[in-house]
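Notes for the one structure printed next.
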Amino acid sequence: MDAPSPARFYAASVGAALIVLGIVGFFYSASFGSPGQVGEMFGVFAVNGWVNVLHILSGALGLLVAGYAARQYSLWLGFIYLALALWAFALGDGEAILGLLPVDTGGSLLHLVIGALGVGAALSTPGVKKKKGEPATA
């Protein structure tokens with residue numbers, strides 16, 4: 001059996017970790033206000049219901065596609081999380097992205113790492129090579 005590609009490993013491991021973080025986050029804050037009652041998960045990460053749902057959905061998607069679209073997932077999730085991190089750094093601590101997602105340095109750094117690892121995993125995973133004469137698929 002072949003070893004999993006970096007993208008597949010990323011999709012499965014980060015997907016599982018994001019689901020766990022999202023579930024644990026609900027024990028700290030389940031508020032869906034704007035940005036609502038923000039809790040400090042582990043004393044480091046500002047969370048609310050919206051952040052928890054974002055983590056659970058993006059993690060579940062990773063587990064769902066790890067077997068057949070891990071490279072695309074890693075690349076897109078990486079870009080999305082990098083964009084969130086840069087946006088959060090631009091806003092500063094105590095603010096909220098779109099009035100929903102609380103911003104803090106810990107969460108911004110976590111999103112930066114998740115994003116960079118995703119892009120790195122996608123770029124280090126070779127694309128699927130098509131056989132000559134095989135029709136292109138979207």
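Tell me yes or no: at least one residue of region 79-95 is touching a residue at least 60 places away in the same chain (Cβ under 8 Å) and crowded, with 21+ Cβ neighbours inside 10 Å.
Looking only at region 79-95, we keep the residues that are touching a residue at least 60 places away in the same chain (Cβ under 8 Å), and these are none.
No, region 79-95 has no match at all.
Can you name the condition, by its number, that residue 24 falls short on among (1) in contact with a helix residue (DSSP H, G or I) (Cβ under 8 Å, 6 or more places away or on another chain); (2) surrounded by fewer than 20 Cβ atoms within 10 Å (Cβ to Cβ); (3) touching a residue at least 12 places away in the same chain (Cβ under 8 Å)?
All conditions are met except number (1).
Evaluate region 59-66: report whether one residue or more is in a helix (DSSP H, G or I) and under 14 Å from residue 115 (Cα atoms).
At the first step, the residues of region 59-66 found to be in a helix (DSSP H, G or I) are 59-65.
Among the residues that remain, those that are also under 14 Å from residue 115 (Cα atoms) are: 59, 62.
Yes, region 59-66 has at least one match.
Restricting attention to region 39-48, and to residues there that are surrounded by fewer than 19 Cβ atoms within 10 Å (Cβ to Cβ) and either in a helix (DSSP H, G or I) or not acidic (Asp, Glu) (or both), which single residue is modelled with the lowest pLDDT? Steps first, answer last, please.
Keep residues of region 39-48 that are surrounded by fewer than 19 Cβ atoms within 10 Å (Cβ to Cβ), which gives 40, 42-44.
From what's left, either in a helix (DSSP H, G or I) or not acidic (Asp, Glu) (or both): 42-44.
Numbers: 42: 87, 43: 84, 44: 87.
Looking at residues that are surrounded by fewer than 19 Cβ atoms within 10 Å (Cβ to Cβ) and either in a helix (DSSP H, G or I) or not acidic (Asp, Glu) (or both), I get 43.
Within region 4-38, how many residues turn out to be in a helix (DSSP H, G or I) and either over 25 Å from residue 93 (Cα atoms) or among the charged types (D, E, K, R) (or both)?
Narrowing region 4-38 to residues in a helix (DSSP H, G or I): 6-28.
From what's left, either over 25 Å from residue 93 (Cα atoms) or among the charged types (D, E, K, R) (or both): 6-13, 15-16.
Selection size over region 4-38: 10.
Suppose we filter 103, 113, 51 for residues that are of a type outside the set (Gly, Ala, Ser), crowded, with 21+ Cβ neighbours inside 10 Å and under 19 Å from residue 20 (Cα atoms); which single one remains? Break it down stepwise before answering.
On the way: 103 fails: under 19 Å from residue 20 (Cα atoms); 113 fails: crowded, with 21+ Cβ neighbours inside 10 Å.
Selected residue: 51, the only one of 103, 113, 51 that is of a type outside the set (Gly, Ala, Ser), crowded, with 21+ Cβ neighbours inside 10 Å and under 19 Å from residue 20 (Cα atoms).
The values are calculated or read from the model by the stated rules, or taken from the named source; none is laboratory data. No experiment lies behind these values; they were computed from the predicted model shown. Backbone-built Cβ (ideal geometry, glycine too); neighbour counts: all protein chains shown.
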